[in-house]
Amino acid sequence: MKRDSLAAGWTLLLATLLALGFNQLRSEGIPLVAKEPYPIFVPCPETMEEAAKVSLADLAGSSKAPSFPAGTLLIDARLPERFSDGHIEGAVNLPYDELSGVGEEEAARIRARPGVTSILVYCDGWEEETDPAKRYDHPPSEHLADELKSLGFENVSSMQGGLKAWLERGGTTVKGPEGTP
Amino acid sequence: MNRDFMRRWGIPSLDLAARIYLGGVFLFAAWGKVLDPYSFAVNIATYQVLPLELVNLAALILPWVELAVGGLLILGVFTRAQALLVNGMLLVFIAAIASALYRELDLGTCGCFASEEAAEDLSMSTVWRDVAWLAIGAGIFIVPERLRWGVERWWKLRSARNSEAVRDGGGSK
């Protein structure tokens, strides 16, 4: 038994040295002590439905400037600061939060809006995230659109290319913080 | 069945099969975690058991322990020591999973920030699976060393044969 404990100790030591050495040598190594807490947050919003994706070309048809059908509620999925800096006129701000999802209150307020027949969600325009702590697999606008659809909203879609594509096609933005749903 | 046959073939082959199975499980589990310690660190943090200072160290070292123990268990190097380590780890895992279930932590359903392995739904069946592996580990531990096929046994037989040859050689002089 003593011999077994000793051998177990040696095995642990060997594994530890290999682990630390390997971590030191490889470029994807992590610090030995985490500098900031890990994002622990449960539950994640689970989306059961997948919303459609609409490109601005579909909306604009042959004309260059895109326009939205009457009854479209534009939702800006970006952070409030970004929204204030410039958003599509008439849009409301509903920042996408992968942790808490869309709240009951916000959903109720959107439902209460008169004359809304469809919802179009946009964000900045997707760029590949390189930070490992922010590994999204889809643009926030798609996530938010999926969530809204899962909550029972109909005719929900996300705008492909986001605000970037909108500006490229000659769309304009307005500044201002107002516009909570 | 013939007692002699059991001692010579039955127990050694059962022991080897158990070692290959359990060692294989640990090697398989270790591989993804060795390559992606970040995801594993998030998994560990999600259990909310270890203080933050220890999360990364555990995420780095534990997979390599699994790797070493799995490999040495299959090879049959200090086999009883490896069986001890396997069961030690399994006990820690069982405690962690049971406490997560007790605290109703929602670990399994959201794979957002977890590696693929952790995406399996966490339930009591995970605990029972670990208990079954614990029993296999205990079985490996109690097999007498002289009935075990493996590198260590082969090495001992070889050196015994060598020293015998030396003695015989010395005697003939």
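The values are calculated or read from the model by the stated rules, or taken from the named source; none is laboratory data. None of these values were measured; they are calculated from a predicted model. So basically every Cβ, Gly included, is an ideal-geometry build from the backbone, and we count neighbours across all protein chains shown. SASA here: full protein model, heavy atoms, side chains in, ligands and nucleic acids out. Shrake-Rupley method; radii C 1.70, N 1.55, O 1.52, S 1.80 Å.
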Task: Under Karplus coefficients 6.51, -1.76 and 1.60, residue-wise ³J(HN,Hα) of the range A:112-125 in Hz, glycine/proline x - done: 6, 5, x, x, 7, 10, 8, 10, 10, 9, 9, 9, 5, x
TODO: Would you mind computing, in nm to one decimal, how far apart the modelled labels at A:Arg169 and B:Leu35 are, each placed 7 Å from Cα along Cα→Cβ?
DONE: 4.0
Task: A:Lys2/B:Arg129 FRET efficiency (R0 35 Å; Cβ-Cβ; nearest 0.05) - done: 0.65
Task: Translational D in µm²/s for chain B (Stokes-Einstein at 10 °C, 1.306 mPa s, Kirkwood Rh from C-alpha pairs) - done: 87
Task: Per-residue mean of C-beta atoms belonging to partner chains within 10 Å, peptide B:26-35 - done: 1
TODO: Please check chain B for the longest run free of GluC sites (Glu not before Pro) that are loop-located per DSSP (anything but H, G, I, E, B) and have at most 14 other Cβ atoms within 10 Å.
DONE: B:1-103
- [ ] Grab the other residues whose beta carbon is less than 14 angstrom from that of B:Trp154, score K and R as +1, D and E as -1, and report the net.
- [x] +4
TODO: Pop the C-beta distance of A:Glu154 and A:Ala57 into the FRET formula with R0 = 30 Å and round what comes out to the nearest 0.05.
DONE: 0.80
Task: For the pair B and A, total buried accessible area rounded to nearest 100 Å², probe 1.4 Å - done: 3200
